[in-house]
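The values are calculated or read from the model by the stated rules, or taken from the named source; none is laboratory data. What you see is a predicted model, and the numbers here were worked out from it, not measured in a lab. In this analysis, Cβ positions are derived from the backbone assuming ideal geometry, glycine residues included, and neighbour counts consider all displayed protein chains. Heads up: the accessible areas ignore ligands, DNA and RNA and are worked out on the full protein's heavy atoms, side chains in. Shrake-Rupley method; radii C 1.70, N 1.55, O 1.52, S 1.80 Å.
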Amino acid sequence: MTRTSKVTKNLKQSGIRSASVKCAAIKGINLGQGICDLPIANSIKAAASLAIETNNNIYSPCEGILPLREAIAQKLQQFNKITASPITDIVVTHGSTGAFVCTVSALFNPGDEVILFEPFYSYHRNILELKNITIKTVPIDLDDFSIDFDLLLSTVTSKTRGIVICTPCNPSGKVFTRDELLKIGNIAMKHGLFVITDEIYEYITYPGHPHVSFASLENFKDFTVTISGFSKTYNMTGWRLGYAAGPSDLMSKIALVQDLLYVCPVTPLQYAMLAAFELSEEYYTSMSLSYLLKRNRIVTVLNEIGFNVTVPQGAYYLLADFSKLKFTNDEDAATTLLDQAKVATVPGRYFYLNPHDGKSVLRFCYALDESKIEQALAVMRMCVATETIGHY
Ligand code: PLP
């Protein structure tokens, strides 16, 4: 007999979180969790101090302060090419994670089926499982990031209610093309499915792979909730602010769920976020460029060390296949690198329903200062050169 609910019985700490905990304990370099320890823009920090000093301390409307919803609506129009009313179509949330929790709670019933592209972001899986939603998966081929759309179609059953898209994608770095999104949208439309699209890495894309928002295409907006957040674009993973945008009938329920679960998002930081929308175009281009340089460096060195990396098209993660190295499996690879090189990574199994499917990959996150990335690469290179790890 356990003292806690049935749903907690099979829950485990996420592999992403446990890699971070172990890494912190040995003061290692964390290439596991997408923590992103780069600085926040000074103007946003100053706006946060001012918001607190000027006593913006009370609960905000459950859907967030209107000026922030207006700023988000403008950004959605200009950057994402999505028209959304700040009054009825946008809810500011506790990070994009909060947006996903409220959206899933508002749209689906226990026993519904939802399709994830695999490898998936493990919090999407965890949250769906917490809600007793059945997960079906469709693979992303890691050789070329392609998707079999016939398989997607055949995965839809009478119980399917939704498809989750993550673009740019964590963990693979895939950026969905317009053509792929059109194919998904046509299947969703034909079968009356909702689409939830997590676009938190929308500003981090590499040459040749522009970000396309699913809800900007055709009339897909009618059945789509677009989720994004500020954690990654503005280096504020601890601030816990994001948003969801979609048709007003869905958004009113999402706002209600948020009200009943969390009351409202953190008020002073909502005021501070207004400063983020004042940043120049250059902020975004230089951020993307800096991740491009890091991507190029880490991909080159991991390939030299003996990994096989599919070059990411966006976001700041990559999956590296280590079949040519003498690790027994993904857990062994992650543990060995942590013990011997003090570098945390995430075992591939956490991105697949069947752990076996991730047995020969590790996820690396490169949202760190260059010097830390260089240090991690240097120690990993030395470690892999030893007899114990070595190459086959
Ligand atoms: N969605 C994806 C795809 C992510 O990779 C992450 C963080 O790693 C999140 C959401 C979490 O975002 P937030 O900090 O806004 O909750």
Quick one: what are the phi-derived ³J(HN,Hα) couplings along segment 221-237, Karplus 6.51/-1.76/1.60 with θ = phi - 60°, whole Hz, x for glycine and proline? 3, 5, 10, 10, 10, 9, 10, 8, x, 9, 3, 8, 5, 10, 6, 9, 4
Given 4 °C and 1.567 mPa s, compute D for the chain with the Stokes-Einstein relation, Rh being the Kirkwood radius over Cα pairs; round to the nearest whole µm²/s. 60 µm²/s
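In segment 34-104, which chymotrypsin sites (Phe, Trp or Tyr not before Pro) are in a loop and have at most 12 other Cβ atoms within 10 Å, using DSSP for the loop call? Kindly include the intermediate steps, with their values, before the conclusion.
On the way: sites: Tyr59, Phe79, Phe100; in loops: Tyr59.
Answer in residue order: Tyr59.
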Sorted by chain and then number, the residues having a modelled amide H within less than 5 Å of the amide H of Lys136, at least 5 places away or on another chain, are Val114, Ile115, Leu116
With the 1.4 Å probe rolled over protein heavy atoms, the chain has an accessible area per residue in Å² of 43 Å²
Solvent exposure ordering (accessible area, 1.4 Å, most first) of Met273, Met189: Met189, Met273
Would you mind pulling out the separation of the Cα centroids of segment 170-227 and segment 353-376, in Å? 25 Å
Apportionment of accessible area to carbon and sulfur, segment 207-259, percent (1.4 Å): 50 percent
How much net charge surrounds Asn30 when only other residues with a Cβ under 13 Å from its Cβ are counted (Lys, Arg +1; Asp, Glu -1)? +4
Heavy atoms of His191: accessible area, 1.4 Å probe, square angstrom to 10: 80 Å²
Determine the calculated [θ] at 222 nm for the chain from helices alone, applying -39500 (n - 2.57) to every DSSP H run no shorter than 4 residues and normalising by the residue count; nearest 500 deg cm²/dmol. -12000 deg cm²/dmol
If you average the C-alpha positions of segment 95-147 and of segment 260-333 separately, how far apart do those two centres end up, in angstrom? 20 Å
Among Tyr206, Ile254, Thr345 - extreme Cα towards positive end, dipole of the chain, charges at beta-carbon: Thr345
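Return the carbon/sulfur percentage of the accessible area of segment 95-182, one whole number, probe 1.4 Å, all protein chains in place.
Numbers: 1420 of 3020 Å².
Exposed carbon and sulfur together represent 47 percent of the surface.
Could you sort 244-250, 86-92 so that the peptide with the highest average Cβ count within 10 Å comes first and the rest follow in order? Show your work: numbers first, answer last.
Numbers: 244-250: 20.9, 86-92: 23.0.
In descending order of packing, they fall as 86-92, 244-250.
Show me 111-120, 3-12, 343-352, 296-305 ranked by packing, highest mean number of other Cβ atoms within 10 Å first. Write out the running numbers ahead of the final one.
Working: 111-120: 21.2, 3-12: 8.7, 343-352: 25.1, 296-305: 16.8.
The peptides rank, most packed first, as 343-352, 111-120, 296-305, 3-12.
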Give a residue-ordered list of calculated ³J(HN,Hα) values for segment 17-23 (Karplus: 6.51 cos²θ - 1.76 cosθ + 1.60, θ = phi - 60°; whole Hz; x for Gly, Pro). 5, 5, 4, 5, 4, 5, 5
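As a quick test, which of the pairs Lys27/Lys294; Lys131/Lys372; Lys27/Lys232; Lys9/Lys174 have an alpha carbon distance above 27 angstrom in this structure?
Values: Lys27/Lys294 22 Å; Lys131/Lys372 38 Å; Lys27/Lys232 23 Å; Lys9/Lys174 33 Å.
Exceeds cut-off: Lys131/Lys372; Lys9/Lys174.
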Skipping prolines and chain starts, which residues have an amide H placed within reach, meaning under 5 Å, of the one on Ala344, given they are 5 or more residues away or on another chain? Ile29, Asn30, Leu31, Gly32
